[in-house]
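Q: Dropping a structure here in structure tokens format, bear with me for questions.
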Amino acid sequence: MEFRRFAEAFDRLEATSKRLEMRAILVELIRPLRPPELERVLYLAQGMLRPEYEGVELGVADSLARRAVATATHTEGSVVARRAKQSGDLGTTTGEMLSEVRRLEEGPPLRVADVYSEFTRIAQASGPGSQDTKVNILSELLVRATPVEGKFIVRFVLGTLRVGVREMTILDALAEAFGDGSKATRAKIEAAFNLSSDLGLVANVLAEKGVDHLSEITLEVGRPIRPMLAEREPTLGEVLKRMGGRAALEYKYDGLRVQAHIPRSGPVRLFSRRLEETSAQFPELIEELPRAVRATPAIIEGECVPVDPDTDEIQPFQQVSRRRGRKHDLARVQAEVPVCLFAFDVLLLAGKPVYEKSFPERRALLEEALTPTEHVRLAVQKVVSDEREAQRFFDEAIAAGGEGVMAKSLAPGSAYRAGARGFWWIKYKREYTAGLSDSIDGVVVGAFLGRGRRAGRYGAFLLAVYDLKKDRFESFCKVGSGFDDEQLAEMPKRLAKWETDDRPKEVETELTPDRWFRPQLVLEVRGAELTLSPIHRACLGAIREGAGLALRFPRFTGRFRDDKSPTEATTSAELLKMYKSQVRQETAPSSPNGN
Ligand code: AMP
């Protein structure tokens, strides 16, 4: 195919932002193509030469490209620089300048294959003199290019192809160009892409063999799988509910996701969540993985976190990020901050894909295949079926240095879903509670009758904090989660002696519970954050007129504070302080965890 067609299609793509139109342009462009031209055009369309995970880069800086443009158009570098500054885009300037030079003779048109191989030469140029080599290759290409071709050649080498045809649009176009365009076809194409991370490969199979052969694309060591992603829920109760009341909880380690590809022989390769190769960053993993994992070739996934070599405790994530992109000094950083990979999944074992098995089956395989070593271990896991157990595990995970828990479905359909975000995995992070790391001791002033499973019992309780100055108990939340059956059952007994018909005069709230109690019983609760509330009366008007403070997503920690009298409960003043410190925390920058 002539490169002109590609450049013109890109010109048209640039003029529209409508997905349907983009798709139509792409379909027209790729339909006549066959491998290897097809894959090349698709990579080029995404601004790449090879699938992203191969990390092939052209390494052409602005200044290099300007030199090439100057040479190709017989101008001074300073002129090119000035004009590029004016237009704001060297690609556009190149197009304009090429249209101004009179070409002596029309050579044969550039073909996609020519451009692709010259780009590849640019990417491969390395070592001393490689800059000049790159300039030469590029300027020779530009001499042969038409203005519109030149524009895109320059943008491509600079990595500034503005059109940025997204993967999803290309998948749409493939379904239409080489299939029947139906949803089912589109889904098959996407599934093959998620497993191979290689649009070129998928397109080749599709164009040569047809949709039905896409299922032949499977896992291969050295080719990363697009990672399965998690949904979130605001409370552990909802997490469990989503999972049908029972789930595997794992520590959620706060580090870098690692997909480890372990061949039968040869070097282990590691890929990040974004499918970039990270092997060079973690030599200790490369070394230990072949010993830790039997039954190769294998692909396992885990989270890599820094671990204190003396105490064996998990360290803050920031420590591991110091290793990112490091080439020098890695040995020192490695000694200071060794990492440990906590393996949580297995996708390929003994050369056989196992990603379609249910999660419990995969976990069993992982446990069997993994012999823990210093730097490679299993993610801590527990199967839980009630909220209190889940809460305890969550607290344990936090105490162990995790950032929360990851709940995993145990259902028969819990296969590894490459590239998909769904409720098969649900994350529940401390982030939600980071604004409020303290627990609150609240006094029970009312109860609400339960519904459903809790019918005939109390289902939730109205809690208050104590206002020392006014000598009043002001409500701040209604809490129903965190209680186990036994605790719920004993609540009526515990509260009976304080029950009154009407609101005790020392209690302030806009809510009307089914039962009122004189403030006596103290419970410890935790929650996600304190928010302004129109119905709760704690700290009324302190932040905004007419608004009190409320605890969002409150849950009982399981601790009755029988050791505290009601006036020793958390005070309104303390609550206000917590609210204010939480606001400050929210404005603090969060860690740039690209994970
Ligand atoms: P997030 O980055 O907040 O969307 O959370 C998902 C990420 O948590 C995954 O991509 C993993 O990198 C990380 N993670 C930590 N521990 C686990 C675990 N036990 N199972 C799955 N993912 C985990």
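Q: Could you name every one of the strands (runs of 3 or more DSSP E) located completely within region 336-426 that has at least 3 residues being under 26 Å from His261 (Cβ atoms)?
A: 339-349, 376-378
Q: Kindly provide the set of residues from region 382-431 that are in contact with an Asp or Glu (Cβ under 7 Å, 6 or more places away or on another chain), open to solvent by 40 Å² or more (accessible area, probe 1.4 Å) and touching a residue at least 40 places away in the same chain (Cβ under 8 Å), ordered by number.
A: Asp386, Arg388, Arg421, Phe423
Q: I'm checking my understanding of the structure. Among residues of region 288-318 that are acidic (Asp, Glu) and free of Cβ contacts under 8 Å to residues at least 60 places away in the same chain, which one is least open to solvent (accessible area, probe 1.4 Å)?
A: Asp308
Q: Taking Ser139 as the residue in question, decide whether it is open to solvent by 50 Å² or more (accessible area, probe 1.4 Å) and in a helix (DSSP H, G or I).
A: In short, no.
Q: Cβ-Cβ distance below 8 Å, separation of 6 or more or different chains: which pairs start in region 361-372 with a residue that is closer than 11 Å to Ala292 by Cα and end on one that is part of a helix (DSSP H, G or I)?
A: Leu370/Ala292; Thr371/Arg291; Thr371/Ala292; Pro372/Ala292
Q: Name the residue that is surrounded by the fewest Cβ atoms within 10 Å (Cβ to Cβ), counting only residues in region 213-241 that are away from the ligand (no atom under 16 Å from the Cβ) and of a type in the set (D, E, K, R).
A: That would be Glu216.
Q: Tell me, yes or no, whether region 73-88 has at least one residue that is closer than 30 Å to Leu199 by Cα, of a type outside the set (Ser, Thr, Tyr), out of contact with any Cys (no Cβ under 7 Å at 6 or more places or on another chain) and surrounded by 14 or more Cβ atoms within 10 Å (Cβ to Cβ).
A: There is no residue in region 73-88 that is closer than 30 Å to Leu199 by Cα, of a type outside the set (Ser, Thr, Tyr), out of contact with any Cys (no Cβ under 7 Å at 6 or more places or on another chain) and surrounded by 14 or more Cβ atoms within 10 Å (Cβ to Cβ).
Q: Pick from region 161-190 the residues that are out of contact with any Leu (no Cβ under 8 Å at 6 or more places or on another chain) and within 27 Å of Ile122 (Cβ to Cβ): which of them is modelled with the highest pLDDT?
A: Arg166
Q: For region 535-556, name all the residues that are under 13 Å from Ile440 (Cβ atoms), touching a Ser or Thr at 6+ places or on another chain (Cβ under 6 Å) and open to solvent by less than 40 Å² (accessible area, probe 1.4 Å).
A: Passing the criteria: His536, Ala538, Cys539, Ala550, Arg555.
Q: Let me ask something else about it. If Thr371 satisfies all but one of (1) open to solvent by 30 Å² or more (accessible area, probe 1.4 Å); (2) under 20 Å from Val307 (Cβ atoms); (3) within 15 Å of the ligand (Cβ to nearest atom), what's the number of the condition it fails?
A: Failed condition: (3).
Q: Here's a check for you: in region 552-595, which residue that is at pLDDT 75 or above and in a loop (DSSP other than H, G, I, E, B) is nearest to the ligand (Cβ to nearest atom)?
A: Per the stated criteria, the residue is Pro554.
Q: In addition: Only one residue in Glu57, Glu21 is at pLDDT 90 or above, surrounded by fewer than 16 Cβ atoms within 10 Å (Cβ to Cβ) and in contact with a Leu (Cβ under 9 Å, 6 or more places away or on another chain), so which one is that?
A: Glu21
The values are calculated or read from the model by the stated rules, or taken from the named source; none is laboratory data. These numbers come from a predicted model, not from an experiment. Here the Cβ is made from the backbone with ideal geometry for all residues, glycine too, and neighbour counts use every protein chain on show. Just so you know, the surface numbers come from the protein's heavy atoms only, side chains and all, with ligands and any DNA or RNA stripped out. Shrake-Rupley method; radii C 1.70, N 1.55, O 1.52, S 1.80 Å.
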